[in-house]
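First the structure, in the form of structure tokens, and then the observations on it.
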Amino acid sequence: MSNMNLYSRGDKTFVILNMILIGIFTISALYPFIYMASLSFSSGFEARAGNVVLTPVGFTLEAYKRVLSEPMFWVSYKNTFIYTIGGTLMSLAFIIPGAYALSRKQLFGRRFWNLTVAFTMWFHAGMIPFFLNMRDLGLLDSYIGIIIGFAVNGFNLILLRNFFEGIPQSFEEAARMDGANEFQVLWKVYMPLSKPAIATVALFCIVSRWNGFFWAMILLQDESKIPLQVYLRKIIAELSDDEEFANTLQSAAYSFETVSAAIIVCSIIPVLLVYPFLQKYFNKGILLGGVKE
């Protein structure tokens, strides 16, 4: 007997409508990526004519050959990896001990410090004060400025703090009976038990760093230090109006549209490769870290 036969007519209607809505949402989420991938594999003539809708038209790899032959593309790609890997490790180095400290009931002024962290989620000093602060600290136009300037996010800190608070005290008490100090409790008890939450925070940091665009554009002037997203913006927003540049991207094999699409596809591939390895921790981490016991 089919499982659907166990439902009433109302339940069947709900399940069917639910599946339709989920299908529509899935298609709406996947279509932009499918379209950009199809556009990047299409010929320049078909892309300019607007004939690409779902699948590649006039399949060709010329757009990727053009992109991968640009030295600046590889420089910006390298910079993005530096900012992403370095920034994620820096973020975890600050967030993990910070979340552990905020989860300690014996922390002096614990309520005040927690409210201070939450306050940063609602209010921000503003663009100009932040820029002036980065300038006065000598962090403009530098790798370390991008890596350390955005190391801590209040949401990630509170998420991990909530997970730490949900770990039974008996584990910590057993470790302290064996003579463990504060650092050993964090390293040998809390961190191994918090892999789902830490993986979730790491994924948030990776995606945020990889897609980092606005402040990198503001703080970095040296083109040899810009990340991939800023390089893409430079091509789309600035060079699209450059007639000489536009002429170099107009041929039957590729066009400005297909080259831009190829860069976008290349920029998202690393995140798609990393996500499956962290996805198994993601749901559990966001659920347990987002609800305080």
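Before moving on, here are some points about what is shown:
- For Ser91: the one exception among (1) at pLDDT below 90; (2) in a helix (DSSP H, G or I): (1)
- Of all residues in the stretch 145-166, none satisfies being surrounded by 12 or more Cβ atoms within 10 Å (Cβ to Cβ), in contact with a helix residue (DSSP H, G or I) (Cβ under 8 Å, 6 or more places away or on another chain), over 20 Å from Leu102 (Cβ atoms) and acidic (Asp, Glu).
- Comparison of Ala174, Ala197 shows that the only residue that is surrounded by 19 or more Cβ atoms within 10 Å (Cβ to Cβ) and assigned to a helix (DSSP H, G or I) is Ala197.
- Flag if Met127 is over 29 Å from Glu182 (Cβ atoms) and either loosely packed, with under 13 Cβ neighbours inside 10 Å or in contact with a strand residue (DSSP E or B) (Cβ under 8 Å, 6 or more places away or on another chain) (or both): yes
- Number of positions in the stretch 102-121 that are surrounded by 13 or more Cβ atoms within 10 Å (Cβ to Cβ), part of a helix (DSSP H, G or I) and of a type in the set (A, V, I, L, M): 3
- Counting residues in the stretch 251-264 that are among the charged types (D, E, K, R), at pLDDT 75 or above and either in contact with a Cys (Cβ under 8 Å, 6 or more places away or on another chain) or assigned to a helix (DSSP H, G or I) (or both) gives one or more.
- Qualifying residue in the stretch 99-111 (condition: touching a strand residue (DSSP E or B) at 6+ places or on another chain (Cβ under 8 Å) and modelled with pLDDT under 85): no
- Subset of the stretch 136-179 [more than 26 Å from the chain's Cα centre (by Cα) and among the basic types (Lys, Arg)]: Arg176
- Looking across the stretch 205-227, the residues that are in contact (Cβ under 8 Å) with a residue 12 or more places away in the chain, surrounded by fewer than 19 Cβ atoms within 10 Å (Cβ to Cβ) and closer than 25 Å to Tyr275 by Cβ come down to Val207, Ser208, Asn211, Phe213, Trp215.
- Number of the exception - Asp141 against (1) without any contact (Cβ under 8 Å) to a residue 12 or more places away in the chain; (2) outside any helix (DSSP H, G or I); (3) farther than 23 Å from Ala99 by Cβ: (1)
- Those helices (runs of 4 or more DSSP H) lying entirely in the stretch 1-78 with at least 3 residues farther than 14 Å from Glu257 by Cα and at pLDDT 85 or above: 9-40
- Checking each residue in the stretch 177-190 for being under 27 Å from Gly87 (Cα atoms) and either crowded, with 16+ Cβ neighbours inside 10 Å or of a type in the set (Phe, Trp, Tyr) (or both) picks out Phe183, Val185, Leu186, Trp187, Val189, Tyr190.
The values are calculated or read from the model by the stated rules, or taken from the named source; none is laboratory data. Not measured: the values here are computed from a predicted model. Neighbour counts are summed over all protein chains in view; Cβ atoms, including those assigned to glycine, are modelled from backbone coordinates with ideal geometry.
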